[in-house]
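Following: one structure in structure tokens, then a few remarks.
Values quoted throughout were computed directly from the atomic coordinates according to the rules given, and no laboratory measurement underlies them. Given the structure is predicted, the values throughout are model-derived calculations rather than measurements.
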Amino acid sequence: MKEAPSVPSYLRAPPLAVCWNCERDAGDTVAVTLETPSGGQSTIRLCDRCYDADYAPLVARSEGLGVALTLAP
């Protein structure tokens, strides 16, 4: 018989590497810093798949429009 966890899943700490876009656990994530409408900055973490499929094309398109998007150090 499988032993039940002692703490419900909603009370456990979330995994450290979760993609902001797809919300899946990821072994590694890429930190992306975006400027907020109020002038501040917000850093999100993307898995490699979402980075390649969503963020990289967004960067290419924004550069064509003269807007700079950068990666967090």
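Brief remarks follow.
- Close amide-amide hydrogen proximity is noted between Val18 and Ala26, each under 5 Å apart and 5 or more residues distant or on a separate chain (H modeled in the peptide plane; Pro and chain starts excluded).
- Extended-chain gain in nm, criterion 0.36 nm per residue less alpha-carbon gap, Ala60 and Asp25: 10.0 nm
- Per-residue ³J(HN,Hα) for the range 43-60, Karplus 6.51 cos²θ - 1.76 cosθ + 1.60, θ = phi - 60°, Hz, x for Gly and Pro: 10, 10, 10, 10, 6, 4, 5, 5, 4, 5, 7, 10, 6, 4, x, 5, 4, 4
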